[in-house]
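A.B. asks: Before I ask anything, let me first share the structure, which is written out below as structure tokens.
The values are calculated or read from the model by the stated rules, or taken from the named source; none is laboratory data. Predicted, not measured: the structure shown is a model, and the values here were computed from it. Methodologically, a virtual Cβ is constructed for each residue, glycine included, from the backbone with ideal geometry; neighbour enumeration extends over all protein chains shown.
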Ligand code: NCD
Ligand code: ZN
């Protein structure tokens, strides 16, 4: 940590979010300032409708994000930079990767197994169909961001990440040992252990909600849809393994919120969408988790160093300060014409980003 004023306050290098959903249009304009206040940069997920499958689409999406940034977040000192990604399909051509790499603003390609999560219908049906494209990514050093769950309905929902490791991750890494891979939003001890022990260029992002909560949270006193995300929260033993990984000082594990805005009506309904909205208070949540583990001294590297190091980007300049101070998170915030309920909406938060 660069500076500890007192145990009540921590100051760290400006952090980045290595996994974020911003959506588009008016919804994006509503949520963007929340992330831009907390983070200097974010890897922006491409699962729009339609998905961001080409360099041209990513370029136009980036322009819309930059145009929606409040003026003070466009200025040099606290400028927010969206790091764009492409959505891999069965038909993504190797040349699309070359074009993307040439832009300098597309930093990764995302794998959504078809049907795995929100807006994944156009995702990959069989990774074998993408091998030529993946070979070019391996050659150029373009990171491959993996939603690591099998989609087979006969595999128990809670086992889909562990089964993915055996069925997809191991064969892929055997075939492409130099491909840079981020195992996104890991949720199990199996994934944490796999990444910690693997040889070669692999890392993992960990969300704040998977560090703070286990699956009981979804069912506490009734069904609580705002705690439902994919991959779903797991048992306590898995949460503990994620905490150990995040606070271990291992550079393979870094911050990715997976903050995923959905309108209230799409969450509080008979068949609610997956996604937790944490962009308002993500750093406070991470500070809470690291504080509980007595590991605040490990927060800066996890939030601000290991991500850019993996992506071959410079670490940020400037700092942010988090203070131990109680405040109440808004119960709802605007989402375009609608509204969303943030995770912990209306509840007391113990840390405050100044
Ligand atoms: C994400 C979304 O809503 O776009 N939902 C989620 O539960 N995390 C998609 C994803 O990252 O799986
Ligand atoms: Zn996500």
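A.B. asks: Please determine, by comparing only the residues of segment 96-108 that are farther than 13 Å from residue 56 by Cβ and assigned to a helix (DSSP H, G or I), which one is farthest from the chain's Cα centre (by Cα).
C.D. replies: Selected residue: 98.
A.B. asks: Next question, about the same structure. Identify the single condition in (1) assigned to a helix (DSSP H, G or I); (2) under 27 Å from residue 341 (Cβ atoms); (3) within 16 Å of ligand 1 (Cβ to nearest atom); (4) within 19 Å of the chain's Cα centre (by Cα) that residue 243 does not satisfy, given that it satisfies every other one.
C.D. replies: Among (1) assigned to a helix (DSSP H, G or I); (2) under 27 Å from residue 341 (Cβ atoms); (3) within 16 Å of ligand 1 (Cβ to nearest atom); (4) within 19 Å of the chain's Cα centre (by Cα), the lone unmet condition for residue 243 is (3).
A.B. asks: Using the structure shown, decide if residue 145 is more than 15 Å from ligand 2 (Cβ to nearest atom), closer than 30 Å to residue 228 by Cα and either at pLDDT 95 or above or crowded, with 21+ Cβ neighbours inside 10 Å (or both).
C.D. replies: For residue 145, the condition - more than 15 Å from ligand 2 (Cβ to nearest atom), closer than 30 Å to residue 228 by Cα and either at pLDDT 95 or above or crowded, with 21+ Cβ neighbours inside 10 Å (or both) - is not met.
A.B. asks: Need the failing condition index for residue 192 against (1) within 29 Å of residue 299 (Cα to Cα); (2) within 16 Å of ligand 1 (Cβ to nearest atom), just the number.
C.D. replies: Of everything listed in (1) within 29 Å of residue 299 (Cα to Cα); (2) within 16 Å of ligand 1 (Cβ to nearest atom), residue 192 misses just condition (2).
A.B. asks: Output the residues belonging to segment 225-237 that are in a helix (DSSP H, G or I) and within 16 Å of ligand 1 (Cβ to nearest atom). Break it down stepwise before answering.
C.D. replies: In the first step, residues of segment 225-237 are kept if they are in a helix (DSSP H, G or I); the result is 225-227, 236-237.
225, 226, 227, listed by residue number.
A.B. asks: On to the next question. Between a first residue in segment 221-250 that is more than 18 Å from residue 21 (Cβ to Cβ) and a second residue that is within 11 Å of ligand 1 (Cβ to nearest atom) and modelled with pLDDT of 95 or more, which pairs have beta carbons less than 6 Å apart while being 6 or more apart in sequence or on different chains?
C.D. replies: Close Cβ pairs satisfying both conditions: 234/187; 242/210.
A.B. asks: May I ask you to list the residues in segment 108-123 that are touching a strand residue (DSSP E or B) at 6+ places or on another chain (Cβ under 6 Å) and modelled with pLDDT of 95 or more?
C.D. replies: Within segment 108-123, 108, 109, 110, 111 meet the criteria.
A.B. asks: Does residue 346 count as surrounded by fewer than 17 Cβ atoms within 10 Å (Cβ to Cβ) and without any contact (Cβ under 8 Å) to a residue 24 or more places away in the chain? I'd like the intermediate steps shown before the answer.
C.D. replies: Details: surrounded by fewer than 17 Cβ atoms within 10 Å (Cβ to Cβ): yes; without any contact (Cβ under 8 Å) to a residue 24 or more places away in the chain: yes.
Spelling it out, residue 346 is indeed surrounded by fewer than 17 Cβ atoms within 10 Å (Cβ to Cβ) and without any contact (Cβ under 8 Å) to a residue 24 or more places away in the chain.
A.B. asks: Inside segment 132-142, can you point out the residues that are in a loop (DSSP other than H, G, I, E, B) and either within 15 Å of ligand 2 (Cβ to nearest atom) or buried (at least 20 other Cβ atoms within 10 Å of the Cβ) (or both)?
C.D. replies: Selection gives 142 alone.
A.B. asks: Which of (1) closer than 27 Å to residue 305 by Cα; (2) buried (at least 23 other Cβ atoms within 10 Å of the Cβ); (3) within 16 Å of ligand 2 (Cβ to nearest atom) does residue 230 not meet, given it meets every other one?
C.D. replies: (2) is the only condition that residue 230 fails.
A.B. asks: Further question: At negative phi and surrounded by 23 or more Cβ atoms within 10 Å (Cβ to Cβ): which single residue out of 255, 335 fits that description?
C.D. replies: 255
A.B. asks: Quick one: is residue 224 within 16 Å of ligand 2 (Cβ to nearest atom) and farther than 25 Å from residue 302 by Cβ?
C.D. replies: It is false that residue 224 is within 16 Å of ligand 2 (Cβ to nearest atom) and farther than 25 Å from residue 302 by Cβ.
A.B. asks: Run down 274, 260, 282 and say which single residue is modelled with pLDDT of 95 or more, closer than 23 Å to residue 226 by Cβ, within 16 Å of ligand 2 (Cβ to nearest atom) and surrounded by fewer than 21 Cβ atoms within 10 Å (Cβ to Cβ).
C.D. replies: That would be 274, the only listed residue that is modelled with pLDDT of 95 or more, closer than 23 Å to residue 226 by Cβ, within 16 Å of ligand 2 (Cβ to nearest atom) and surrounded by fewer than 21 Cβ atoms within 10 Å (Cβ to Cβ).
A.B. asks: For the condition at positive phi and at pLDDT 95 or above, what is the one hit in 23, 41, 14, 64?
C.D. replies: Values: 41 fails: at positive phi; 14 fails: at positive phi; 64 fails: at positive phi.
Of the residues listed, the single one that is at positive phi and at pLDDT 95 or above is 23.
A.B. asks: With the checklist (1) within 16 Å of ligand 1 (Cβ to nearest atom); (2) in contact with a strand residue (DSSP E or B) (Cβ under 9 Å, 6 or more places away or on another chain) in hand, flag the one item residue 24 doesn't pass.
C.D. replies: Here residue 24 clears every test but (2).
A.B. asks: Residue 117 passes all but one of (1) over 22 Å from residue 132 (Cβ atoms); (2) in a loop (DSSP other than H, G, I, E, B); (3) in contact with a helix residue (DSSP H, G or I) (Cβ under 7 Å, 6 or more places away or on another chain); which number fails?
C.D. replies: Of the numbered conditions (1) over 22 Å from residue 132 (Cβ atoms); (2) in a loop (DSSP other than H, G, I, E, B); (3) in contact with a helix residue (DSSP H, G or I) (Cβ under 7 Å, 6 or more places away or on another chain), the odd one out for residue 117 is (3).
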